[in-house]
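Everything below concerns the one structure shown next.
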Amino acid sequence: MAAIELRGLTKVYPGGVKALDALDLVIPDGEFFALLGPSGCGKTTLLRTIAGLETATGGAVVIGGRDVTGVQPGGRDVAMVFQDYALFPHMDVTDNIAYPLRIKKVPKGTRREKAAEVGARLGLEHLMDRRPGQLSGGQQQRVALARVMATQAQAYLFDEPLSNLDARLRLEARTFLKKLQRELGVTTVFVTHDQAEALAMADRMAVMEAGHIRQIGTPSEVFQRPANTFVAAFIGSTPMNLLDGIVRGDTLEVAGCKVAVPDSAAGLLSDGEQIVYGVRPEYLAYSAEPADGAFGGKVAIVENLGAAHLVTLDVGGVSVQAVVPEGSEPAVGDDGFALPRRDRALIYRNGELV
Ligand code: ADP
Ligand code: MG
């Protein structure tokens, strides 16, 4: 088990795509670290460069205090799980799990013992003689995890390991994997493009955009205080309202409404300056009655979220979304008012959090 440290890590592919641009990152020993970002932002490249499957163009990878930048994958002592589990179809579960040990020339008896032990830990004991074709997607995914865990590694690298599972299995696997990581205490880097997965599983997380890390923090830090408008728009099951506004004395004019300065920006704004006002739909109190400091408009869309509704208000041509508890949702065309929480709203200046 070991900390992972990246120092100015850069990867430029032949052809000139800069997939990683001077990344600095420290993942402490034993942490469950999630790497989140849109497709093509460099997540897989980052994992592969940590694993040594890609050569860094610049900077260093340090694992457990050892600079492994020039070290071959086999000498790095990390294990990687890929998106497609890449199980061997002609081998049974035992042999699939034991495969990395065979490569390491571990004797057969020891291999089988280890495979049985790890298989049991992952609830596969009754399936050890089956081949991958005789397993469900979720079971195959567990075999792939077991194969990685049979190799004692200093760190686990997961590249979207749950993305091939259906929604329910995904939730199960998420809880399960998190629990397992806790028990084993192995430093884990978990790549996903699914923000709910990152928020639910990570001790800390990074949000990437085009080869850069845009924010590092705990899930609640990243959710409550997105450092910039990119992260703000990316994180959250319903996207944050990001509205152009202007500072008018000690209040704000946003979407033509007079709105209070959020607590977090009190005393930090100057009269007349252009800002972006950010507030999550969950942090707007919806009402049919006007209120001071509320956004007022016509209800344009009402979407059912299950236990709540997402109401889109047309506020002088600007959309403002609010989550409204089930049972009190308005109808399209109604007048509606949405009062933001001052302790939750945020101000962005030039795209960065004030
Ligand atoms: P992600 O995993 O976040 O979707 P990737 O790390 O796969 O992103 O890709 C990052 C960028 O690098 C993308 O622009 C992608 O097209 C490019 N890229 C990935 N692999 C290669 C490669 N082998 N050769 C050239 N460009 C690549
Ligand atoms: Mg990828």
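Every read-out reported here was derived from the displayed coordinates using simple, explicitly stated rules and does not represent laboratory data. None of these values were measured; they are calculated from a predicted model. Virtual Cβ from ideal backbone geometry, glycine too; neighbours counted across all protein chains shown.
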Considering only 93, 302, 207, give the residue with the highest GNM mean-square fluctuation for the chain, with springs between Cα atoms whenever their separation is below 10 Å.
302
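How big is the Cα convex hull of the chain in projection, averaged over all directions, in nm²? Let's see the in-between values first.
On the way: hull surface 85.2 nm².
Directional mean of the projected Cα hull area for the chain stands at 21.3 nm².
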log10 I(q)/I(0), Debye, Cα-only region 94-144, no solvent, q = 0.16, 0.21, 0.22 Å⁻¹?
-0.41, -0.68, -0.74
With label points built 7 Å along Cα→Cβ from the Cα atoms of residue 62 and residue 125, find their separation and express it in nm.
4.4 nm
What number, rounded to the nearest 500 deg cm²/dmol, is the helix-based mean residue ellipticity at 222 nm of the chain, given -39500 (n - 2.57) per DSSP H run of at least four residues and division by all its residues?
-7000 deg cm²/dmol
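If we count other beta carbons within 10 Å of each Cβ, what is the order of 287, 220, fewest first? Present the calculation step by step, with values, prior to reporting the outcome.
Working: 287 17, 220 9.
Ordered by Cβ neighbours within 10 Å, fewest first: 220, 287.
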Given unit charges at Cβ for Lys, Arg (+) and Asp, Glu (-), the dipole magnitude of the chain about its Cα centre in debye, nearest 20, is 1840 debye
For the residues 223, 295, what sequence is obtained by ranking on other C-beta atoms within 10 Å, fewest first?
223, 295
At a Förster radius of 25 Å, what calculated FRET efficiency corresponds to the Cβ-Cβ distance of residue 163 and residue 307, to the nearest 0.05?
0.45
Over the Cα atoms of region 1-147, what is the Rg over Rh ratio if Rh follows Kirkwood?
1.03
Residue of 343, 77, 314 that the Gaussian network model of the chain assigns the largest fluctuation, springs spanning Cα pairs under 10 Å
343
Which one, 337, 115, 231, is farthest towards the positive end of the dipole of the chain when Lys and Arg carry +1 and Asp and Glu -1 on their Cβ?
115
Fewest first, what order do 26, 324 take by the number of other Cβ atoms within 10 Å?
26, 324
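Can you give the % of DSSP beta bridges in region 78-232 that are antiparallel, to the nearest 5?
Numbers: 5 of 14 bridges.
The antiparallel proportion sits near 35 percent.
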Using the Cα centre of region 218-354 as origin and beta-carbon charges of +1 (Lys, Arg) and -1 (Asp, Glu), tell me which of 346, 310, 284 is placed farthest towards the positive end of the dipole.
346
